[in-house]
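Structure record follows, encoded as structure tokens.
Rule-based calculations on the coordinates, nothing more; no lab input. From a predicted model like this one, the values you see are computed outputs, not experimental measurements. Methodologically, a virtual Cβ is constructed for each residue, glycine included, from the backbone with ideal geometry; neighbour enumeration extends over all protein chains shown.
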Amino acid sequence: MVHVVPERYAVIALIKHAMRAMMPRTAALPGIVDTDLDGFLRRMRAEADALYWLGLVAGAWVFALSPLLTIRVPLPSFLLSAKPLDRHANAIQNHPLYMLRMSATLVRLSAGMCWGSDRHVRARFALAPSPADPGTFRSS
């Protein structure tokens with residue numbers, strides 16, 4: 001029996017893959033994988049402007065399909081092993097093609113919002129947890 005994954009779960013998985021590759025855990029700091037990325041993406045999907053969400057999805061697709069342009073490997077990024085994936089994540093952020101760089105920037109910006117608001121990450125920088133979202137600014 002074949003299990004079909006609904007489109008929205010596949011898109012979320014693709015975004016998470018790109019974010020994890022761009023913001024890995026280090027010896028000194030937690031990575032995006034150490035945050036509540038699922039909760040963040042659910043909130044972002046519900047609250048973000050449609051154009052922003054479209055840009056994030058497009059950025060994740062560009063990240064997945066561009067290793068040929070960045071590291072000369074004709075595979076999608078989700079089939080790369082750890083070292084080539086890390087090389088791709090670094091190369092796309094410094095690529096001479098502006099559209100490639102900017103699509104990666106949108107994914108990394110979104111990941112940074114999740115990472116920077118995480119209480120464990122903030123504790124590493126001796127910052128208090130972010131206050132609860134007052135819900136006063138919405139695009140719709």
How about region 1-76: which trypsin sites (Lys or Arg not before Pro) there are in a DSSP loop, with at most 16 other Cβ atoms within 10 Å of their Cβ?
ARG25, ARG72
By how many nm would the segment from ALA82 to TYR98 lengthen if fully extended, with 0.36 nm per residue of separation less the alpha-carbon distance?
3.2 nm
Provide SER117, SER66, SER81 in ascending order of the number of other Cβ atoms located within 10 Å of each residue's Cβ, fewest first.
SER81, SER117, SER66
Note to self, the chain gives a 222 nm [θ] from helices alone (DSSP H runs n ≥ 4, -39500 (n - 2.57) apiece, / all residues, nearest 500) of -18500 deg cm²/dmol
Could you check which residue among ALA128, ALA60, ALA91 shows the biggest mean-square fluctuation in a GNM of the chain with a 10 Å Cα cutoff?
ALA128
Of (i) 2, 9, 14, 14, 12, 11, 9, 8, 7, 6, 5, 3, 1, 0; (ii) 2, 10, 19, 24, 22, 15, 6, 1, 0; (iii) 2, 9, 18, 20, 18, 16, 9, 5, 2, 0, 0, the label for P(r) over Cα pairs in 5 Å bins from 0, in percent derived from the coordinates
(iii)
Computed magnitude of the charge dipole of region 36-124 (debye, nearest 20; Cβ of K, R +1, Cβ of D, E -1):
240 debye
